[in-house]
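As structure tokens, the structure follows; a few thoughts come after it.
The values are calculated or read from the model by the stated rules, or taken from the named source; none is laboratory data. Since we're looking at a predicted model, the values are computed, not measured. Glycine also receives a Cβ, built like all others from the backbone with ideal geometry; neighbour counts cover every protein chain displayed.
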Amino acid sequence: MALVVQTLSEQIFTLVRDRIISGSLPVEVAIRQDALAAELGVSKIPLREALVRLEQEGLLTSQANRGFFVRPMTASEAEEVYALRLKIEPEAVARAAALATPADHKAARDALDALDRAAAEDNKSEVGKLNRAFHLSLVRPLGRQVTLQIIERLNIIAERYVSKHLEPAGRDDRAHKEHSTLLDLWMRGKGEEASELMHAHIAETLYDLRKEFENDKRG
């Protein structure tokens with residue numbers, strides 16, 4: 001297995017991104033760069049580089065003379081992100097199923113097992129990240145770097161919405177069943193069936209999110 005070495009800037013980028021996704025950084029308050037840099041034990045220069053990258057990833061916004069803010073989750077963004085996923089991800093999963101090796105099968109199985117453990121332990125800070133890892137494991141055998149990068153970026157933006165989607169009781173169980181069936185189809189090379197289930201899986205999540213945003217407005 002290749003060793004992945006992250007630069008300091010990349011490590012900061014990952015740490016801050018995880019805090020945004022987990023909701024530990026508030027939405028309506030400017031990020032206190034001095035305090036965050038001190039907490040992470042780094043200077044403001046690599047932190048600012050990471051914040052600029054996170055703005056480019058669509059997780060932050062910046063305002064002149066005010067700094068960086070976490071982008072709020074919105075119904076319109078959910079519609080856009082999930083519509084793009086529906087256009088790209090199911091087809092990529094179908095094609096990857098035909099190319100996947102036994103090593104790819106093991107990687108996907110391990111990714112789902114890790115996700116299931118986190119869900120069973122109610123480890124909400126890890127579930128979104130591991131859900132993304134599982135979804136990416138189903139398209140990685142395709143070997144198309146641009147496609148993988150686009151799907152990964154969409155899944156990163158979607159991560160906060162996954163957490164919101166899983167808030168109502170019972171949805172963890174439904175997600176587990178869908179993921180297990182999806183993996184089984186994919187490992188047996190049933191690409192078209194896996195694609196159809198992935199499309200339904202993403203579409204159902206979007207449908208649930210629409211209802212949740214509607215309820216938020218009423219509340």
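Screening P141 with (1) touching a Ser or Thr at 6+ places or on another chain (Cβ under 8 Å); (2) within 22 Å of D173 (Cα to Cα) gives one miss only, at (2). All of E28, E55, E39, E91 fail the test of being at pLDDT below 90, more than 15 Å from the chain's Cα centre (by Cα) and among the charged types (D, E, K, R), apart from E28. Whether a residue is among the hydroxyl-bearing types (S, T, Y) and over 20 Å from the mean Cα position of the chain (by Cα) was assessed, and S62 passes this test.
For segment 167-206, filtered to residues that are within 20 Å of A118 (Cα to Cα) and basic (K, R), the residue that is modelled with the highest pLDDT is K177.
Selection of segment 145-168 for residues being part of a loop (DSSP other than H, G, I, E, B) and of a type outside the set (A, V, I, L, M) yields E167, P168. Of all residue pairs spaced 6 or more apart or on separate chains, those with beta-carbon atoms under 9 Å, a first member in segment 14-31 that is at negative phi and free of Cβ contacts under 8 Å to residues at least 12 places away in the same chain and a second member that is surrounded by fewer than 15 Cβ atoms within 10 Å (Cβ to Cβ) and assigned to a loop (DSSP other than H, G, I, E, B) are T14/Q6.
Checking the structure you have, find out if any residue of segment 30-51 is closer than 25 Å to N215 by Cβ, surrounded by 11 or more Cβ atoms within 10 Å (Cβ to Cβ) and not acidic (D, E).
No, there is no match, as no residue in segment 30-51 is closer than 25 Å to N215 by Cβ, surrounded by 11 or more Cβ atoms within 10 Å (Cβ to Cβ) and not acidic (D, E).
Taking segment 6-29 as the range and being surrounded by 14 or more Cβ atoms within 10 Å (Cβ to Cβ), hydroxyl-bearing (S, T, Y) and under 18 Å from G128 (Cα atoms) as the test, only S22 passes.
Out of segment 47-73, which residues are touching a Phe, Trp or Tyr at 6+ places or on another chain (Cβ under 9 Å) and either of a type in the set (G, A, S) or without any contact (Cβ under 8 Å) to a residue 60 or more places away in the chain (or both)? Passing the criteria: R48, E49, A50, L51, V52, R53, L54, E55, L60, T61, S62, Q63.
A single member of D216, D184, D122 is out of contact with any helix residue (DSSP H, G or I) (no Cβ under 6 Å at 6 or more places or on another chain), without any contact (Cβ under 8 Å) to a residue 40 or more places away in the chain and on the phi > 0 side of the Ramachandran plot, and it is D122. Selection of segment 181-195 for residues being of a type outside the set (A, V, I, L, M), buried (at least 16 other Cβ atoms within 10 Å of the Cβ) and in a helix (DSSP H, G or I) yields W186, G191, E193, S195.
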